Amino acid sequence: MSACKRLLYFVKHRSLWTHVRRNVTTWSPVGAAFNAKSVRRPDLFEKSVGLFGVPELSCPAGFQAATKAALKNTELLVQRACSCPSGVETVDSFDQLSDGLCKVADLADFVKVAHPDAAFREAAEKTCIEIGTVVEKLNTNVELCKSLKNLLGNPDIVAQLDPDTRRVAELFMFDFEISGIHLDDKLRKEAVALHVNLLDLNNEFLVSSHMPNRIARSAIPEHLHLHFASEGSFIQVGGLHADSPDDLVREIAYRIYLYPNADLMGCLEELLKCRYKLAKLVGYESYGHRALKGTMAKTPETVMSFLQLLTDKLSDRTAKDFKMMGDMKKKLNPRNSELMPWDHPFLSGVLRAERYNIEPSLYSPYLSLGACMEGLNNLFSQLYGVSLMSEHPSAGEVWSEDVRKLAVVHETEGLLGYIYCDFFHRSDKPHQDCHFTIRGGRWCQETGQYQLPVVVLMLSLPHATKSAPTLLTPGMMENLFHEMGHAMHSMLGRTRYQHVTGTRCATDFAEVPSILMEYFATDYRVISQFARHYETGQPLPESMVARLCESKKVCGAADTQLQIFYAVLDQIYHSKPQNRSTTEILKEMQQKFYGLPYTPNTAWQLRFSHLIGYGAKYYSYLMSRAVASMVWRQCFVQDPLNREMGERYRREMLAHGGAKEPMLMVEGMLQRRPTIEDFVDALVSELNPNFETFIMDSES
């Protein structure tokens with residue numbers, strides 16, 4: 001169905017989706033799609049189209065067929081890339097090669113963690129391993145690399161390439177270099193062995209870092225047993241219980257969950273050693289230097305300068321925050337008043353609630369899922385001329401009955417892509433909010449059409465009940481906006497190459513669009529367009545939104561300092577070998593960059609699973625927040641629904657994916673090149689009371 005026909009269809013059938021509760025609240029089609037229970041009438045004659053419309057994936061065995069087809073196509077494209085004349089065609093071949101493998105691997109990567117059927121998960125896991133092995137081989141394929149080297153080594157040919165093609169060629173070359181392509185046979189084999197070892201170590205650490213610890217039931221007071229899971233004569237502790245109002249429960253959870261595991265400690269030490277060896281082997285000073293090439297920060301030295309300067313500027317506020325928490329602990333527990341790491345999340349929450357009365361249940365009736373989706377639809381429509389349209393998935397297209405499918409349609413460009421919304425809690429589904437790229441956008445030279453991007457947003461929201469739709473807490477609503485920021489980055493990019501589509505960009509830039517959406521999620525001018533009581537239709541009072549925004553600044557410096565500590569730890573672990581244990585490093589950095597005392601016989605680093613996906617790049621959240629803050633205050637705080645600014649944001653930042661240097665995109669949006677000091681000032685000034693109001697008053 002064409003975009004125009006689709007628009008007409010939804011206007012014509014709008015009444016079918018209209019949902020009226022007590023003749024008060026009327027939802028738009030997209031709001032109704034998320035506030036009404038999904039009802040699918042099975043059609044016995046409807047043939048399965050396969051997951052995401054991939055015909056082979058109508059059953060688990062289809063993964064084998066899809067993998068086989070992708071690998072056969074890979075062989076042909078490798079031959080073509082090695083034999084075609086140097087130029088744009090070489091880069092096109094490389095991108096098609098990447099696209100063919102990613103289409104299967106990315107889809108499998110999602111299915112292996114999210115599909116409710118174990119057979120599908122197993123088949124997807126096998127595909128990931130098989131394609132991962134092929135990618136490792138391709139990254140050390142000398143002939144393939146030679147064709148790219150011939151291209152980049154010829155100044156006349158390079159001069160004729162457009163900027164995007166040249167950048168993508170350089171990025172592919174970087175992939176070869178970090179795999180050790182330039183080494184002699186013996187060293188190259190060593191690099192491949194290190195890669196293979198790292199895959200195993202990464203997997204082992206990820207799995208083990210989430211495993212519970214256990215202790216004999218007799219070791220903890222009987223009246224506290226009910227707070228933990230039982231396992232025969234043992235108590236299982238599977239998390240920090242950070243929100244428990246009982247000091248002793250928090251302390252027990254902290255000490256037991258973080259108790260060192262010798263095998264896991266060995267795995268982490270080996271993993272860090274292996275990463276360093278690999279980085280040195282391929283010509284980098286440390287793994288951090290290798291990981292940060294191509295980011296906004298560029299070097300570990302810049303990252304550490306950023307983190308140190310931020311610590312210095314926050315020090316007075318952080319001390320005040322810890323004093324406030326200490327006073328609160330004294331008030332709640334006079335006999336045991338020393339502030340400890342397990343107190344921070346709970347007491348900062350208590351202080352926020354006491355000062356601003358932000359009990360989530362007061363907000364939830366105004367934040368039904370349908371209302372929030374309607375709000376996102378309105379926001380995207382006003383900023384970019386884009387609409388979210390609910391579509392009925394075909395048989396076999398989705399992996400669960402409650403997955404919703406959205407078509408993203410631009411008012412003049414037509415269909416931009418698809419977002420599958422896997423929003424609801426299910427057993428065996430990971431409890432984390434994620435954005436998955438299933439298929440990247442790219443211009444297909446062979447068909448003369450644009451390959452539309454497909455993504456999945458995964459949340460873990462409660463199901464609707466008989467009496468109410470799914471109701472979100474303010475935190476859930478912000479997370480929804482955050483993940484939708486990633487999705488729109490994928491949808492609004494129109495990159496020529498799949499290798500740099502949407503969120504396939506530097507990690508410290510990739511979080512900017514998602515964090516920016518959090519600012520829209522807490523601005524009353526945006527919220528007032530959709531937040532209304534699901535029964536009465538009453539709007540969410542402005543005073544409640546103001547309280548929510550101000551509450552975030554309570555203990556904000558201490559919360560930021562905790563993130564700085566994690567980011568510093570990540571940097572030190574990925575610098576040159578320290579010749580001391582990871583726990584000794586943690587103890588020193590905790591004292592220097594956090595302030596609350598280290599607890600003997602604990603090893604928090606063994607639960608730091610972000611070391612795998614964000615190795616040497618955990619600082620990205622802080623740097624991205626700084627950029628998002630600057631973009632918000634300079635470009636949107638005066639009018640968050642300004643279409644002209646929305647178009648500029650798309651043109652300067654969202655459109656390029658990773659096809660442009662990240663700092664150049666930031667510079668294009670802000671119309672100046674920010675410094676590290678600017679980033680730090682942006683984060684510090686956010687903690688000022690009524691800061692945004694002050695900005696608006698001073699500029700009006």
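The values are calculated or read from the model by the stated rules, or taken from the named source; none is laboratory data. No experiment lies behind these values; they were computed from the predicted model shown. Glycine also receives a Cβ, built like all others from the backbone with ideal geometry; neighbour counts cover every protein chain displayed. Areas reflect the complete protein model, heavy atoms only, side chains present, ligands, DNA and RNA absent. Shrake-Rupley method; radii C 1.70, N 1.55, O 1.52, S 1.80 Å.
Some values worked out for this structure:
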quantity: Residue-normalised accessible area of the chain, given per residue in Å² at a 1.4 Å probe; calculated: 44
quantity: Size of charge dipole - the range 51-182 - debye, nearest 20, with Cβ of Lys, Arg +1 and Asp, Glu -1, no other charges; calculated: 260
quantity: Accessible surface of the range 51-182, 1.4 Å probe, proportion on carbon and sulfur as whole %; calculated: 55
quantity: Sparsely packed chymotrypsin sites (Phe, Trp or Tyr not before Pro) within the range 45-80, loop by DSSP, other Cβ within 10 Å at most 16; calculated: F45
quantity: Cleavage-rule hits (trypsin sites (Lys or Arg not before Pro)) in the range 533-592: DSSP loop, at most 12 neighbouring Cβ within 10 angstrom; calculated: R580
quantity: Rounded Å value of the spacing that divides the Cα centres of the range 434-470 and the range 223-257; calculated: 37
quantity: Prolate/oblate/rounded call for the range 145-250, Cα gyration tensor, a/c under 1.5 rounded; calculated: prolate
quantity: Nonlocal Lys pairs with alpha-carbon distance under 19 Å, the range 51-182 (8 or more apart, or different chains); calculated: 14
quantity: 29 Å Cα-Cα reach of K329 towards lysines, excluding residues that sit fewer than 8 places from it in its own chain; calculated: K313, K320, K552, K553, K587, K592
quantity: Charge dipole (debye, nearest 20) of the chain; +1 at Cβ of Lys and Arg, -1 at Cβ of Asp and Glu; calculated: 600
quantity: DSSP-defined beta bridges in the chain - what % are antiparallel, rounded to 5; calculated: 85
quantity: DSSP bridge pairs, the range 411-538: antiparallel proportion in percent, nearest 5; calculated: 55
quantity: The chain: calculated mean residue ellipticity at 222 nm from DSSP helix runs of at least 4, using -39500 (n - 2.57); calculated: -17000 deg cm²/dmol
quantity: Top positive-direction residue, dipole computed over the chain with Cβ charges, set A297, A65, L206; calculated: A65
quantity: Three-way shape call for the chain based on the alpha-carbon gyration tensor, with the a/c threshold at 1.5; calculated: rounded
quantity: The range 51-182: C-alpha gyration tensor shape, a/c 1.5 cut-off, then a/b vs b/c; calculated: prolate
quantity: Formal net charge of residues neighbouring S230 (Cβ-Cβ distance under 14 Å; K, R +1; D, E -1); calculated: 0
